[in-house]
Every structure is written in C-alpha cells, then in structure tokens.
C-alpha cells in the first residue's frame with residue numbers, strides 16, 4: 001500500500017498541463033451525477049467521456065476515480081471543467097466546517113442499525 | 001470490479017455525503033475494517049507525487065526525481081435514504097497529508113487503528129492528526145491474536161492521549177466490532193460539537 005513505483009504518464013499531461021482544478025469545490029466524497037437532460041459536450045476528451053459515462057448514476061468523485069483507475073487529483077480537474085460547462089452536476093457542495101449535530105445524529109443512527 | 005452496476009451507484013435519494021477517516025500505519029487493518037462495514041467492496045485510488053532531489057542536478061536528469069505513490073482505500077455506507085457515509089482509509093504519515101491536503105476538512109472525525117505489537121508506528125499518525133487536522137478522533141485497538149493485551153489506561157498513557165479520547169478494543173474482521181468502533185468516534189464527535197454550541 002505504501003510502495004514506491006513508477007508511473008508511465010504524469011497526470012497533468014492529460015489535463016493540458018494544469019495541476020489544479022478551476023474551482024475548489026470538489027472533494028473525494030463529493031457526489032457527482034450527469035443531468036440526463038443536459039446536452040452532451042460536442043468534442044469531449046476521452047477522459048471527459050469516460051467520466052460522464054461513469055456518472056450516469058450518482059457516485060462520489062473518489063468512486064469514479066477508482067473505477068476509472070485514475071488519480072483523484074486528475075479526476076477533480078476533469079470533473080471541475082464538466083461542472084463549469086454544465087455537463088456534470090454536484091449533488092451537494094462539500095462542507096468546510098465540521099458536520100452539524102443533526103447530521104452526526106443521522107450518521108450515528110445509521111451505524112447503530114448496521 | 002465485479003459488483004453489478006445497480007450496486008455500484010449511490011441511491012438517487014441521497015442528498016449529502018459525510019466522511020470518516022480510518023487512519024493507521026501500514027498493515028494495521030484499515031482496509032479490513034472498512035471492508036467489514038462497507039456496502040461496496042473496498043475501492044482503491046492512488047496519487048503520485050514527484051519530488052525532485054535536493055542538491056546538485058544530476059547529468060542523468062530524470063533519474064534523480066523520486067516518484068512516490070500513496071494509495072487510499074475506501075468504502076461506503078448509506079446511513080439513511082438521504083445520507084451516505086464514506087470511510088477513507090489513510091496511512092496518515094506526513095507525506096500523505098502533503099498529498100491529500102484538505103481530506104480532513106469537513107470530516108466527522110478520524111478512527112485511528114493501532115496494533116499493540118507496533119505502537120510506535122502510530123506516533124507519527126497521532127502527531128499529524130493533531131497538528132494538521134484538528135478533527136476529533138477515537139482510537140481502535142485491532143486485537144491481533146498474538147498481540148500483547150493492554151488496558152485502555154495503559155494505552156492512554158503510552159500514546160499520551162487526552163482523558164476524553166475514546167479507546168475501544170476491536171476485531172476489524174467483524175462488522176459489529178468495526179461498527180462499534182465507528183459509533184464510539186461519532187458519539188465523541190457529537191459530544192464535542194454539542195459542547196461548542
């Protein structure tokens with residue numbers, strides 16, 4: 001799990017040299033889904049196409065990245081572009097503060113039912 | 001992945017996601033714990049970091065750049081029709097936080113998994129959690145059959161933990177045991193949050 005190994009292509013090669021997303025609102029747990037009524041991009045890159053196909057149902061960014069076998073940091077950049085252009089929706093913006101009491105209680109109730 | 005696509009996706013009724021970090025040294029059982037409670041088979045994602053060597057440039061060029069891969073295994077629990085919980089398993093050492101900055105932001109907290117045969121492996125994990133994240137955490141002792149047994153207070157002293165930090169014994173292979181450890185963490189986070197409001 002902590003092994004060192006080479007990677008054939010640097011991720012930013014696939015994002016036209018950008019290492020950072022256009023916005024900072026997508027995290028590994030952020031839920032993404034394609035709006036079925038939204039138009040498809042006219043000339044998507046192969047990564048954009050793969051991500052849009054993957055997000056035909058709702059998935060977190062981390063799940064989409066794992067299924068596509070791409071690094072999370074790369075998929076954040078791809079997803080941000082698609083969110084900006086309206087081709088991909090973010091279900092809930094990630095929180096910057098600790099979860100409120102009501103949400104923690106829901107999590108607790110759910111874990112107790114496991 | 002072998003799971004059918006119907007199981008792959010999050011229920012369309014879900015409106016928000018929350019996360020818990022499962023942190024611990026290599027081989028301590030993070031993925032086992034996540035797998036025991038997750039509704040999906042644990043998934044893995046990897047990040048690559050290139051760090052140029054310090055010092056004089058080598059004529060060999062690329063050879064002096066070391067590439068580090070840091071993996072993260074994770075699972076998912078739909079806690080109710082509107083809320084999904086992600087469990088992110090992270091090694092928690094310094095280079096991990098360098099690469100995954102912001103992962104702790106907005107998290108419920110961290111469950112720190114330790115192995116009493118190698119307690120010293122967890123020192124960096126605690127150090128990093130306290131200095132880099134500030135999120136609430138609980139300690140789960142994964143009780144390997146050949147591991148020495150210590151009481152919670154002995155461990156609290158050895159790990160220099162605060163009096164209110166929960167310590168729970170668990171067997172990460174078993175769903176009920178893993179769930180109980182997560183429950184202790186969320187109860188602790190809830191208690192902290194209520195104390196602040």
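For the stretch B:48-60, the condition of being within 24 Å of residue A:94 (Cα to Cα) and at pLDDT 80 or above holds for none of the residues. Would a scan of the stretch A:31-38 turn up a residue that is at the interface with chain B (Cβ under 9 Å from one of its Cβ atoms) and under 12 Å from the mean Cα position of the chain (by Cα)? Scanning the stretch A:31-38 turns up at least one residue that is at the interface with chain B (Cβ under 9 Å from one of its Cβ atoms) and under 12 Å from the mean Cα position of the chain (by Cα).
Meeting the requirement of 2 or more residues that are within 7 Å of chain B (Cβ to nearest Cβ), the helices (runs of 4 or more DSSP H) wholly within the stretch A:46-105 are A:61-68, A:72-84. No other residue among A:84, A:35, A:109 is farther than 23 Å from residue B:72 by Cβ and touching a residue at least 60 places away in the same chain (Cβ under 8 Å) apart from A:84.
The rows are residues; the columns are (1) in contact with a helix residue (DSSP H, G or I) (Cβ under 8 Å, 6 or more places away or on another chain); (2) modelled with pLDDT of 95 or more; (3) more than 21 Å from residue B:17 (Cα to Cα).
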site: B:104; (1), (2), (3): yes, no, no
site: B:111; (1), (2), (3): yes, yes, no
site: B:161; (1), (2), (3): yes, no, yes
site: B:167; (1), (2), (3): yes, yes, yes
site: B:171; (1), (2), (3): yes, yes, yes
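Within the stretch B:186-197, being at the interface with chain A (Cβ under 9 Å from one of its Cβ atoms) and in contact with a strand residue (DSSP E or B) (Cβ under 9 Å, 6 or more places away or on another chain) holds for B:186, B:187, B:189, B:192.
The values are calculated or read from the model by the stated rules, or taken from the named source; none is laboratory data. Just so we're clear, the structure is a prediction, and the values are computed from it rather than from any experiment. Neighbour counts are summed over all protein chains in view; Cβ atoms, including those assigned to glycine, are modelled from backbone coordinates with ideal geometry.
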